[in-house]
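Below is one structure, written out as C-alpha coordinates; the observations come after it.
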Amino acid sequence: MLNKAVLAEALVVFAIVLLVHAVVWDRFSWCVVALAVQAFYVQFKWDRLLQLGGAVFQFRTTANSGLLPASMVTPLLGIVMKERCKAAGIVYFERFGIVVASTGMLVALFLSVIAVGITKPVPTNTCILTGVAGSVIIYTMKHSLTVSEVIEVLEVLLIFIYLSMILLYLLPRCFTPGEALLVLGAVSFVLNQLIKRSLNVVEGRGDPIDFFLLVAVVGIVLLGLFFTVLFLFLDSGTWISSLFFHMMTAVLGLGVVMPWLYRVIQRNPLFWLLQFLFQTQTRVYLLLYWTCLAASACGVVFYQNAKRSSGSKKHQASTITRKYFHFIVVATYVPGLVFDRQLLHVAAALCLAVFIFLEYIRYFRIKPFGQTLRQLLSLFLDERDSGPLILTHIYLLLGMSLPVWLFPRSCAPKGALSGAGALVPYSGVLAVGVGDTIASVFGSTMGEIKWPGTKKTFEGTMTAIFAQVIAVALILIFDSSVNLNSSYAWILASISLVSLLEAYTTQIDNLLLPLYLQIMFMA
(Lines give C-alpha, C1' and ligand atoms only; values in the text may rest on other atoms or scores of the structure.)
Protein backbone atom coordinates (compact mmCIF):
# COMPACT_ATOMS: atom_id res chain seq x y z
CA MET A 1 0.00 0.00 0.00
CA LEU A 2 1.56 3.26 -1.12
CA ASN A 3 1.70 6.04 1.46
CA LYS A 4 -0.26 9.04 0.13
CA ALA A 5 2.22 11.61 1.45
CA VAL A 6 5.23 9.77 -0.01
CA LEU A 7 3.47 9.40 -3.35
CA ALA A 8 2.53 13.11 -3.43
CA GLU A 9 6.10 14.07 -2.51
CA ALA A 10 7.37 11.91 -5.39
CA LEU A 11 4.93 13.57 -7.83
CA VAL A 12 6.17 17.02 -6.82
CA VAL A 13 9.81 15.96 -7.25
CA PHE A 14 9.06 14.43 -10.68
CA ALA A 15 7.30 17.67 -11.69
CA ILE A 16 10.39 19.69 -10.71
CA VAL A 17 12.69 17.29 -12.59
CA LEU A 18 10.60 17.46 -15.76
CA LEU A 19 10.25 21.26 -15.61
CA VAL A 20 14.01 21.73 -15.19
CA HIS A 21 14.80 19.40 -18.08
CA ALA A 22 12.17 21.02 -20.27
CA VAL A 23 14.46 24.07 -20.10
CA VAL A 24 17.95 22.48 -20.05
CA TRP A 25 17.53 19.13 -21.83
CA ASP A 26 20.82 17.43 -22.76
CA ARG A 27 22.47 14.01 -22.52
CA PHE A 28 22.52 14.18 -18.72
CA SER A 29 18.74 14.59 -18.65
CA TRP A 30 18.28 10.92 -19.59
CA CYS A 31 20.52 9.98 -16.68
CA VAL A 32 18.60 12.08 -14.15
CA VAL A 33 15.20 10.80 -15.33
CA ALA A 34 16.44 7.18 -15.14
CA LEU A 35 17.91 7.86 -11.68
CA ALA A 36 14.62 9.42 -10.52
CA VAL A 37 12.57 6.42 -11.65
CA GLN A 38 14.82 3.87 -9.96
CA ALA A 39 15.14 6.04 -6.81
CA PHE A 40 11.32 6.08 -6.59
CA TYR A 41 11.25 2.28 -6.52
CA VAL A 42 14.26 1.90 -4.23
CA GLN A 43 12.81 4.44 -1.79
CA PHE A 44 10.05 1.98 -0.89
CA LYS A 45 12.65 -0.73 -0.30
CA TRP A 46 14.45 1.60 2.11
CA ASP A 47 11.17 2.46 3.84
CA ARG A 48 10.41 -1.24 4.31
CA LEU A 49 13.90 -1.85 5.71
CA LEU A 50 13.47 1.03 8.18
CA GLN A 51 10.07 -0.27 9.32
CA LEU A 52 11.36 -3.81 9.84
CA GLY A 53 14.65 -2.69 11.40
CA GLY A 54 16.63 -4.39 8.65
CA ALA A 55 18.84 -1.42 7.73
CA VAL A 56 22.56 -1.76 8.49
CA PHE A 57 22.62 1.49 10.51
CA GLN A 58 20.08 3.17 12.78
CA PHE A 59 18.31 5.95 10.87
CA ARG A 60 15.79 8.54 12.03
CA THR A 61 12.50 6.72 12.51
CA THR A 62 10.03 9.64 12.36
CA ALA A 63 10.40 10.07 8.59
CA ASN A 64 10.54 8.01 5.41
CA SER A 65 13.86 7.30 3.72
CA GLY A 66 13.67 10.41 1.50
CA LEU A 67 15.86 8.82 -1.15
CA LEU A 68 14.07 10.29 -4.18
CA PRO A 69 14.13 14.00 -3.22
CA ALA A 70 17.69 13.72 -1.90
CA SER A 71 18.96 11.87 -5.00
CA MET A 72 17.79 14.64 -7.34
CA VAL A 73 19.37 17.64 -5.59
CA THR A 74 23.05 17.34 -6.55
CA PRO A 75 22.53 16.14 -10.17
CA LEU A 76 20.01 18.91 -10.88
CA LEU A 77 22.22 21.51 -9.22
CA GLY A 78 25.21 20.45 -11.31
CA ILE A 79 23.19 20.50 -14.54
CA VAL A 80 21.73 23.99 -14.05
CA MET A 81 25.16 25.28 -12.96
CA LYS A 82 26.68 23.80 -16.12
CA GLU A 83 24.09 25.51 -18.31
CA ARG A 84 24.53 28.90 -16.62
CA CYS A 85 28.33 28.78 -16.91
CA LYS A 86 28.13 27.50 -20.48
CA ALA A 87 25.97 30.50 -21.41
CA ALA A 88 28.52 32.80 -19.74
CA GLY A 89 31.40 31.12 -21.60
CA ILE A 90 33.23 30.01 -18.43
CA VAL A 91 34.59 26.61 -19.46
CA TYR A 92 36.23 25.75 -16.11
CA PHE A 93 32.99 26.05 -14.15
CA GLU A 94 31.01 24.40 -16.94
CA ARG A 95 33.20 21.32 -16.47
CA PHE A 96 32.86 21.73 -12.71
CA GLY A 97 29.07 21.55 -13.07
CA ILE A 98 29.40 18.30 -15.05
CA VAL A 99 31.58 16.82 -12.27
CA VAL A 100 29.02 17.89 -9.62
CA ALA A 101 26.15 16.27 -11.58
CA SER A 102 28.10 13.06 -12.22
CA THR A 103 29.18 12.80 -8.59
CA GLY A 104 25.63 13.28 -7.35
CA MET A 105 24.29 10.59 -9.66
CA LEU A 106 26.98 8.04 -8.80
CA VAL A 107 26.68 8.54 -5.02
CA ALA A 108 22.86 8.29 -5.19
CA LEU A 109 23.14 5.16 -7.32
CA PHE A 110 25.53 3.62 -4.79
CA LEU A 111 23.05 4.21 -1.96
CA SER A 112 20.31 2.59 -4.06
CA VAL A 113 22.49 -0.47 -4.72
CA ILE A 114 23.09 -0.83 -0.96
CA ALA A 115 19.34 -0.83 -0.30
CA VAL A 116 18.68 -3.40 -3.02
CA GLY A 117 21.55 -5.58 -1.82
CA ILE A 118 20.34 -5.89 1.78
CA THR A 119 16.66 -6.40 0.89
CA LYS A 120 15.46 -10.00 1.33
CA PRO A 121 14.15 -11.49 -0.88
CA VAL A 122 16.03 -9.66 -3.63
CA PRO A 123 13.54 -7.40 -5.54
CA THR A 124 13.96 -8.46 -9.18
CA ASN A 125 12.16 -5.54 -10.84
CA THR A 126 14.02 -2.95 -8.73
CA CYS A 127 17.33 -4.66 -9.55
CA ILE A 128 16.57 -4.40 -13.26
CA LEU A 129 15.68 -0.69 -12.96
CA THR A 130 18.82 0.00 -10.92
CA GLY A 131 20.94 -1.83 -13.51
CA VAL A 132 19.39 0.14 -16.39
CA ALA A 133 19.87 3.46 -14.57
CA GLY A 134 23.46 2.55 -13.70
CA SER A 135 24.21 1.59 -17.30
CA VAL A 136 22.82 4.87 -18.64
CA ILE A 137 24.78 6.91 -16.07
CA ILE A 138 28.08 5.07 -16.63
CA TYR A 139 27.72 5.23 -20.42
CA THR A 140 27.06 8.98 -20.30
CA MET A 141 29.96 9.58 -17.88
CA LYS A 142 32.28 7.61 -20.17
CA HIS A 143 31.51 9.94 -23.08
CA SER A 144 31.36 13.19 -21.06
CA LEU A 145 34.18 13.11 -18.49
CA THR A 146 37.92 13.22 -18.90
CA VAL A 147 40.10 10.68 -17.09
CA SER A 148 40.99 13.17 -14.35
CA GLU A 149 37.30 14.01 -13.83
CA VAL A 150 36.40 10.31 -13.57
CA ILE A 151 39.11 9.89 -10.93
CA GLU A 152 37.72 12.92 -9.06
CA VAL A 153 34.20 11.44 -9.05
CA LEU A 154 35.51 8.09 -7.77
CA GLU A 155 37.51 9.87 -5.05
CA VAL A 156 34.35 11.55 -3.76
CA LEU A 157 32.51 8.21 -3.80
CA LEU A 158 35.32 6.58 -1.79
CA ILE A 159 35.31 9.39 0.80
CA PHE A 160 31.52 9.14 1.01
CA ILE A 161 31.69 5.40 1.72
CA TYR A 162 34.21 5.80 4.54
CA LEU A 163 32.44 8.83 6.06
CA SER A 164 29.11 6.99 5.95
CA MET A 165 30.48 3.91 7.71
CA ILE A 166 32.08 6.02 10.44
CA LEU A 167 29.45 8.70 11.10
CA LEU A 168 26.32 6.58 10.70
CA TYR A 169 27.77 4.12 13.21
CA LEU A 170 28.85 6.80 15.69
CA LEU A 171 25.70 8.95 15.32
CA PRO A 172 22.63 6.68 15.24
CA ARG A 173 19.15 8.12 14.46
CA CYS A 174 20.55 11.50 13.40
CA PHE A 175 19.77 11.13 9.68
CA THR A 176 17.40 9.48 7.26
CA PRO A 177 19.10 7.78 4.28
CA GLY A 178 18.22 10.81 2.13
CA GLU A 179 19.61 13.30 4.65
CA ALA A 180 22.77 11.22 4.98
CA LEU A 181 23.11 11.29 1.19
CA LEU A 182 22.84 15.09 1.13
CA VAL A 183 24.98 15.94 4.16
CA LEU A 184 27.72 13.31 3.88
CA GLY A 185 27.81 13.64 0.08
CA ALA A 186 28.37 17.38 0.41
CA VAL A 187 31.08 16.95 3.06
CA SER A 188 32.81 14.34 0.89
CA PHE A 189 32.77 16.64 -2.13
CA VAL A 190 34.06 19.63 -0.13
CA LEU A 191 36.87 17.54 1.39
CA ASN A 192 37.94 16.27 -2.02
CA GLN A 193 37.86 19.80 -3.48
CA LEU A 194 40.00 21.14 -0.64
CA ILE A 195 42.58 18.37 -1.05
CA LYS A 196 42.67 18.94 -4.79
CA ARG A 197 43.09 22.71 -4.49
CA SER A 198 45.66 22.40 -1.70
CA LEU A 199 47.83 20.21 -3.95
CA ASN A 200 47.47 22.64 -6.87
CA VAL A 201 47.71 26.03 -5.20
CA VAL A 202 49.42 27.66 -8.17
CA GLU A 203 46.67 26.47 -10.51
CA GLY A 204 43.88 27.02 -7.96
CA ARG A 205 41.03 29.23 -9.10
CA GLY A 206 38.82 31.27 -6.84
CA ASP A 207 39.34 33.86 -4.15
CA PRO A 208 40.18 33.55 -0.43
CA ILE A 209 36.46 33.67 0.42
CA ASP A 210 35.87 30.30 -1.24
CA PHE A 211 38.95 28.74 0.33
CA PHE A 212 37.92 30.05 3.75
CA LEU A 213 34.58 28.22 3.48
CA LEU A 214 36.23 24.96 2.38
CA VAL A 215 38.82 24.98 5.18
CA ALA A 216 36.25 25.99 7.82
CA VAL A 217 33.88 23.13 6.90
CA VAL A 218 36.56 20.46 6.56
CA GLY A 219 38.46 21.62 9.66
CA ILE A 220 35.44 21.54 11.95
CA VAL A 221 34.30 18.13 10.63
CA LEU A 222 37.76 16.60 11.09
CA LEU A 223 37.90 18.09 14.60
CA GLY A 224 34.62 16.37 15.43
CA LEU A 225 35.79 13.03 14.03
CA PHE A 226 38.98 13.23 16.08
CA PHE A 227 37.17 13.88 19.38
CA THR A 228 34.41 11.36 18.64
CA VAL A 229 36.96 8.58 18.28
CA LEU A 230 38.99 9.84 21.25
CA PHE A 231 36.05 9.99 23.64
CA LEU A 232 35.10 6.41 22.84
CA PHE A 233 37.95 5.55 25.22
CA LEU A 234 37.73 8.49 27.67
CA ASP A 235 34.99 9.99 29.84
CA SER A 236 34.36 13.36 28.17
CA GLY A 237 32.54 14.83 31.17
CA THR A 238 35.56 15.20 33.48
CA TRP A 239 37.61 18.35 33.93
CA ILE A 240 40.76 16.61 32.67
CA SER A 241 39.02 15.56 29.43
CA SER A 242 37.57 19.07 29.06
CA LEU A 243 40.96 20.69 29.46
CA PHE A 244 42.39 18.24 26.93
CA PHE A 245 39.53 19.09 24.54
CA HIS A 246 40.25 22.83 24.71
CA MET A 247 44.00 22.30 24.44
CA MET A 248 43.74 19.99 21.43
CA THR A 249 41.26 22.34 19.75
CA ALA A 250 43.83 25.12 20.02
CA VAL A 251 46.63 22.83 18.80
CA LEU A 252 44.66 21.54 15.80
CA GLY A 253 43.31 25.00 14.97
CA LEU A 254 46.66 26.81 15.15
CA GLY A 255 48.83 23.89 14.03
CA VAL A 256 46.74 22.39 11.22
CA VAL A 257 43.81 24.56 10.12
CA MET A 258 45.62 27.90 10.13
CA PRO A 259 48.69 26.65 8.18
CA TRP A 260 46.35 24.88 5.75
CA LEU A 261 44.41 28.10 5.18
CA TYR A 262 47.70 30.02 4.84
CA ARG A 263 48.82 27.62 2.11
CA VAL A 264 45.69 28.00 0.00
CA ILE A 265 45.16 31.79 0.34
CA GLN A 266 48.90 32.67 0.39
CA ARG A 267 48.58 35.19 3.23
CA ASN A 268 48.16 35.31 7.01
CA PRO A 269 44.58 34.08 7.65
CA LEU A 270 43.98 36.13 10.80
CA PHE A 271 45.23 39.38 9.28
CA TRP A 272 43.24 38.71 6.12
CA LEU A 273 40.07 38.00 8.11
CA LEU A 274 40.38 41.13 10.27
CA GLN A 275 41.11 43.29 7.24
CA PHE A 276 38.17 41.77 5.38
CA LEU A 277 35.65 42.17 8.21
CA PHE A 278 36.46 45.82 8.91
CA GLN A 279 37.27 46.89 5.36
CA THR A 280 34.37 49.33 4.98
CA GLN A 281 32.06 51.26 7.26
CA THR A 282 29.08 49.31 5.90
CA ARG A 283 30.64 46.07 7.13
CA VAL A 284 31.18 47.51 10.60
CA TYR A 285 27.52 48.56 10.78
CA LEU A 286 26.38 45.14 9.56
CA LEU A 287 28.54 43.36 12.15
CA LEU A 288 27.13 45.54 14.95
CA TYR A 289 23.60 44.90 13.71
CA TRP A 290 24.18 41.14 13.55
CA THR A 291 25.66 41.21 17.07
CA CYS A 292 22.43 42.80 18.34
CA LEU A 293 20.35 40.13 16.58
CA ALA A 294 22.52 37.34 18.05
CA ALA A 295 22.00 38.85 21.50
CA SER A 296 18.23 38.95 20.94
CA ALA A 297 18.26 35.26 19.89
CA CYS A 298 20.14 34.38 23.09
CA GLY A 299 17.57 36.45 25.00
CA VAL A 300 14.74 34.33 23.55
CA VAL A 301 16.53 31.14 24.66
CA PHE A 302 17.09 32.40 28.21
CA TYR A 303 13.54 33.78 28.49
CA GLN A 304 11.94 30.52 27.36
CA ASN A 305 14.11 28.53 29.78
CA ALA A 306 13.15 30.92 32.59
CA LYS A 307 9.49 30.21 31.82
CA ARG A 308 10.18 26.48 31.98
CA SER A 309 12.00 26.71 35.30
CA SER A 310 9.14 28.69 36.84
CA GLY A 311 6.48 26.37 35.39
CA SER A 312 6.21 22.76 34.41
CA LYS A 313 9.39 20.83 33.71
CA LYS A 314 7.67 19.26 30.72
CA HIS A 315 7.22 22.66 29.11
CA GLN A 316 8.42 22.67 25.50
CA ALA A 317 8.74 25.62 23.13
CA SER A 318 5.77 25.94 20.79
CA THR A 319 6.01 25.95 17.01
CA ILE A 320 5.47 29.72 16.94
CA THR A 321 8.25 30.22 19.51
CA ARG A 322 10.69 28.19 17.40
CA LYS A 323 9.77 30.31 14.37
CA TYR A 324 11.07 33.39 16.20
CA PHE A 325 14.51 32.20 15.16
CA HIS A 326 13.39 32.05 11.52
CA PHE A 327 12.36 35.71 11.71
CA ILE A 328 15.69 36.62 13.33
CA VAL A 329 17.60 34.76 10.59
CA VAL A 330 15.61 36.57 7.86
CA ALA A 331 16.44 39.88 9.54
CA THR A 332 20.09 38.79 9.53
CA TYR A 333 20.39 37.63 5.93
CA VAL A 334 18.35 40.22 4.00
CA PRO A 335 20.61 43.24 4.83
CA GLY A 336 23.67 41.12 4.04
CA LEU A 337 22.23 40.10 0.65
CA VAL A 338 21.33 43.69 -0.20
CA PHE A 339 24.45 45.51 1.02
CA ASP A 340 27.41 43.07 1.15
CA ARG A 341 27.10 39.45 -0.03
CA GLN A 342 30.81 38.73 0.37
CA LEU A 343 30.67 39.64 4.06
CA LEU A 344 27.56 37.47 4.46
CA HIS A 345 29.41 34.60 2.73
CA VAL A 346 32.30 34.71 5.23
CA ALA A 347 30.15 35.48 8.29
CA ALA A 348 27.88 32.49 7.54
CA ALA A 349 30.92 30.20 7.30
CA LEU A 350 32.20 31.50 10.65
CA CYS A 351 28.78 31.07 12.21
CA LEU A 352 28.53 27.49 10.92
CA ALA A 353 31.90 26.63 12.49
CA VAL A 354 30.80 28.19 15.81
CA PHE A 355 27.45 26.34 15.79
CA ILE A 356 29.10 22.98 15.14
CA PHE A 357 31.80 23.64 17.77
CA LEU A 358 29.14 24.50 20.37
CA GLU A 359 27.31 21.29 19.46
CA TYR A 360 30.55 19.38 20.15
CA ILE A 361 30.72 21.03 23.58
CA ARG A 362 27.08 20.10 24.28
CA TYR A 363 27.33 16.54 22.94
CA PHE A 364 30.56 15.69 24.76
CA ARG A 365 29.46 17.58 27.95
CA ILE A 366 32.65 19.64 27.88
CA LYS A 367 33.05 21.73 31.02
CA PRO A 368 32.19 24.42 31.93
CA PHE A 369 29.38 24.99 29.39
CA GLY A 370 28.43 21.52 28.12
CA GLN A 371 25.72 20.69 30.66
CA THR A 372 24.32 24.23 30.51
CA LEU A 373 23.94 24.02 26.73
CA ARG A 374 22.16 20.67 27.12
CA GLN A 375 19.61 22.20 29.47
CA LEU A 376 19.08 25.35 27.40
CA LEU A 377 18.63 23.62 24.04
CA SER A 378 16.53 20.70 25.26
CA LEU A 379 13.56 23.09 25.37
CA PHE A 380 13.60 23.46 21.57
CA LEU A 381 13.82 19.78 20.61
CA ASP A 382 11.27 18.27 18.24
CA GLU A 383 10.74 14.86 16.63
CA ARG A 384 13.56 15.49 14.13
CA ASP A 385 16.14 15.61 16.94
CA SER A 386 15.74 11.93 17.85
CA GLY A 387 19.48 11.17 17.78
CA PRO A 388 22.31 12.25 20.08
CA LEU A 389 22.94 15.43 18.05
CA ILE A 390 20.75 18.55 17.87
CA LEU A 391 20.96 19.59 14.23
CA THR A 392 17.85 21.65 13.42
CA HIS A 393 19.50 25.03 14.12
CA ILE A 394 22.52 23.98 12.04
CA TYR A 395 20.20 22.92 9.20
CA LEU A 396 18.47 26.30 9.42
CA LEU A 397 21.81 28.08 9.02
CA LEU A 398 22.77 25.79 6.14
CA GLY A 399 19.45 26.30 4.38
CA MET A 400 19.87 30.06 4.47
CA SER A 401 23.57 29.97 3.56
CA LEU A 402 23.80 27.33 0.82
CA PRO A 403 22.19 29.55 -1.88
CA VAL A 404 24.76 32.25 -0.99
CA TRP A 405 27.69 29.83 -1.02
CA LEU A 406 26.59 27.97 -4.17
CA PHE A 407 25.78 31.11 -6.15
CA PRO A 408 27.95 30.91 -9.32
CA ARG A 409 29.54 34.36 -9.03
CA SER A 410 32.08 33.69 -11.78
CA CYS A 411 29.28 32.80 -14.21
CA ALA A 412 27.16 35.83 -13.35
CA PRO A 413 27.83 39.07 -15.28
CA LYS A 414 28.32 41.95 -12.84
CA GLY A 415 27.67 39.56 -9.93
CA ALA A 416 24.00 38.89 -10.75
CA LEU A 417 22.15 36.41 -12.94
CA SER A 418 19.31 37.51 -15.17
CA GLY A 419 15.65 36.60 -14.86
CA ALA A 420 14.62 34.29 -12.02
CA GLY A 421 18.33 33.54 -11.49
CA ALA A 422 18.67 36.94 -9.84
CA LEU A 423 16.71 35.52 -6.89
CA VAL A 424 19.09 32.56 -6.36
CA PRO A 425 20.84 34.08 -3.29
CA TYR A 426 17.41 34.74 -1.78
CA SER A 427 16.29 31.10 -2.12
CA GLY A 428 16.89 30.35 1.55
CA VAL A 429 15.16 33.51 2.70
CA LEU A 430 12.11 32.79 0.54
CA ALA A 431 11.79 29.02 1.09
CA VAL A 432 12.70 28.75 4.77
CA GLY A 433 12.64 32.25 6.24
CA VAL A 434 9.33 33.28 4.69
CA GLY A 435 7.54 30.25 3.20
CA ASP A 436 8.18 27.60 5.85
CA THR A 437 7.68 30.06 8.70
CA ILE A 438 4.40 31.48 7.45
CA ALA A 439 3.08 28.01 6.53
CA SER A 440 3.87 26.72 10.01
CA VAL A 441 2.45 29.70 11.91
CA PHE A 442 -0.76 30.12 9.90
CA GLY A 443 -1.25 26.38 9.40
CA SER A 444 -1.00 25.61 13.12
CA THR A 445 -3.24 28.49 14.19
CA MET A 446 -5.89 28.81 11.45
CA GLY A 447 -5.51 25.76 9.20
CA GLU A 448 -8.46 23.36 8.96
CA ILE A 449 -8.17 21.57 5.58
CA LYS A 450 -5.31 19.06 5.77
CA TRP A 451 -3.37 17.76 2.80
CA PRO A 452 -4.02 14.00 2.37
CA GLY A 453 -1.69 11.90 4.51
CA THR A 454 -0.04 14.81 6.36
CA LYS A 455 -0.60 17.20 9.25
CA LYS A 456 0.13 20.20 6.98
CA THR A 457 -2.83 22.34 5.93
CA PHE A 458 -4.02 23.81 2.66
CA GLU A 459 -4.38 27.25 4.28
CA GLY A 460 -0.78 27.18 5.48
CA THR A 461 0.57 26.31 2.02
CA MET A 462 -1.51 28.96 0.21
CA THR A 463 -0.49 31.60 2.75
CA ALA A 464 3.15 30.62 2.32
CA ILE A 465 2.93 31.03 -1.48
CA PHE A 466 1.28 34.44 -1.12
CA ALA A 467 3.87 35.56 1.45
CA GLN A 468 6.76 34.55 -0.82
CA VAL A 469 5.25 36.45 -3.75
CA ILE A 470 5.03 39.55 -1.53
CA ALA A 471 8.63 38.97 -0.45
CA VAL A 472 9.77 38.84 -4.11
CA ALA A 473 8.01 42.18 -4.70
CA LEU A 474 9.84 43.69 -1.71
CA ILE A 475 13.17 42.33 -2.97
CA LEU A 476 12.53 44.06 -6.31
CA ILE A 477 11.95 47.33 -4.47
CA PHE A 478 14.95 47.25 -2.14
CA ASP A 479 17.60 45.37 -4.18
CA SER A 480 18.46 47.24 -7.38
CA SER A 481 20.64 44.36 -8.66
CA VAL A 482 17.59 42.10 -9.11
CA ASN A 483 16.06 42.21 -12.61
CA LEU A 484 13.50 39.50 -13.27
CA ASN A 485 12.98 40.21 -16.99
CA SER A 486 9.28 39.26 -16.93
CA SER A 487 9.97 35.69 -15.66
CA TYR A 488 7.10 35.99 -13.20
CA ALA A 489 5.24 32.82 -14.29
CA TRP A 490 8.36 30.67 -13.73
CA ILE A 491 8.94 32.26 -10.31
CA LEU A 492 5.33 31.60 -9.26
CA ALA A 493 5.54 27.98 -10.47
CA SER A 494 8.84 27.48 -8.62
CA ILE A 495 7.49 28.89 -5.36
CA SER A 496 4.29 26.86 -5.64
CA LEU A 497 6.06 23.54 -6.28
CA VAL A 498 8.54 24.05 -3.44
CA SER A 499 5.67 25.00 -1.10
CA LEU A 500 3.88 21.78 -2.05
CA LEU A 501 7.10 19.88 -1.35
CA GLU A 502 7.20 21.51 2.09
CA ALA A 503 3.66 20.26 2.73
CA TYR A 504 4.46 16.63 1.95
CA THR A 505 8.11 15.98 2.76
CA THR A 506 9.16 14.45 6.07
CA GLN A 507 12.82 15.27 5.48
CA ILE A 508 14.58 18.28 7.01
CA ASP A 509 12.79 21.05 5.10
CA ASN A 510 15.30 23.69 6.25
CA LEU A 511 17.89 21.91 4.11
CA LEU A 512 15.85 20.53 1.22
CA LEU A 513 13.54 23.41 0.25
CA PRO A 514 16.18 26.13 -0.42
CA LEU A 515 18.16 23.78 -2.66
CA TYR A 516 15.12 22.93 -4.78
CA LEU A 517 14.10 26.58 -5.04
CA GLN A 518 17.66 27.49 -6.06
CA ILE A 519 17.59 24.80 -8.75
CA MET A 520 14.31 26.12 -10.14
CA PHE A 521 15.53 29.73 -10.15
CA MET A 522 18.83 28.81 -11.84
CA ALA A 523 17.05 26.78 -14.54
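The values are calculated or read from the model by the stated rules, or taken from the named source; none is laboratory data. Everything numeric here is computed off the predicted structure, so don't read it as measured data. No Cβ is skipped: glycine too gets one built from the backbone with ideal geometry, and neighbour counts run over all protein chains shown. Please note that ligands, DNA and RNA were not included when accessible areas were found on the heavy atoms of the full protein model with its side chains. Shrake-Rupley method; radii C 1.70, N 1.55, O 1.52, S 1.80 Å.
Overview of results
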read-out: Label-point separation in nm, residue 492 to residue 418, each point 7 Å along Cα→Cβ; value: 2.3 nm
read-out: Extension gain, residue 270 back to residue 258 (0.36 nm per residue minus Cα-Cα distance, nm); value: 3.5 nm
read-out: Of 51, 171, 66, farthest towards positive along the dipole that unit charges on Lys, Arg, Asp, Glu beta carbons give segment 1-201; value: 51
read-out: Mean Cα-pair separation over length for segment 1-201, i.e. relative contact order, pairs under 8 Å, 6 or more apart, %; value: 28 percent
read-out: Mean separation of Cα contacts under 8 Å (6+ apart) over length of the chain, as relative contact order %; value: 18 percent
read-out: Approximate shape of the chain as ellipsoid semi-axes (Cα gyration tensor, √5λ), whole Å, largest first; value: 31, 28, 27
read-out: Whole-percent carbon and sulfur share, accessible surface of segment 1-201, 1.4 Å; value: 69 percent
read-out: Whole-Hz ³J(HN,Hα) from phi, Karplus 6.51 cos²θ - 1.76 cosθ + 1.60, for segment 440-457, glycine and proline x; value: 5, 5, 6, x, 6, 9, 10, x, 10, 8, 8, 5, x, x, 9, 8, 6, 10
read-out: Estimated FRET transfer efficiency (residue 166, residue 331; beta-carbon r; R0 30 Å; 0.05); value: 0.20
read-out: Farthest positive-ward along the chain dipole, Cα basis, beta-carbon charges - from 104, 449, 136; value: 449
read-out: Total charge dipole magnitude, the chain, about the Cα centre, Cβ charges on Lys, Arg, Asp, Glu only, Debye to nearest 20; value: 660 debye
read-out: Length gained when the stretch residue 158-residue 444 is fully extended (0.36 nm per residue, less Cα-Cα span); value: 98.6 nm
read-out: Free-standing Cys residues across the chain, given no other cysteine C-beta under 4.7 angstrom; value: 31, 127, 174, 292, 298, 351
read-out: Cross-link pairs 307/450; 323/456; 86/196; 45/456; 323/455 - those with Cα-Cα distance over 27 Å; value: 307/450
read-out: Signed unit charges on C-beta, dipole axis of the chain, positive-most listed residue 212, 347, 256; value: 256
read-out: In Hz, Karplus ³J(HN,Hα) per residue of segment 458-470 (6.51, -1.76, 1.60; θ = phi - 60°; x = Gly, Pro); value: 4, 4, x, 5, 5, 5, 5, 4, 4, 5, 5, 5, 4
read-out: Highest average packing first - 430-438, 457-465, 236-244, Cβ atoms within 10 Å; value: 430-438, 457-465, 236-244
read-out: Under Karplus coefficients 6.51, -1.76 and 1.60, residue-wise ³J(HN,Hα) of segment 262-278 in Hz, glycine/proline x; value: 4, 5, 7, 9, 6, 7, 5, x, 5, 5, 4, 5, 5, 5, 5, 5, 10
read-out: Area accessible to solvent at residue 470, 1.4 Å probe radius, in Å²; value: 80 Å²
read-out: Size of charge dipole - segment 1-201 - debye, nearest 20, with Cβ of Lys, Arg +1 and Asp, Glu -1, no other charges; value: 140 debye
read-out: Per residue solvent-accessible surface (Å²) - the chain, probe of 1.4 Å; value: 44 Å²
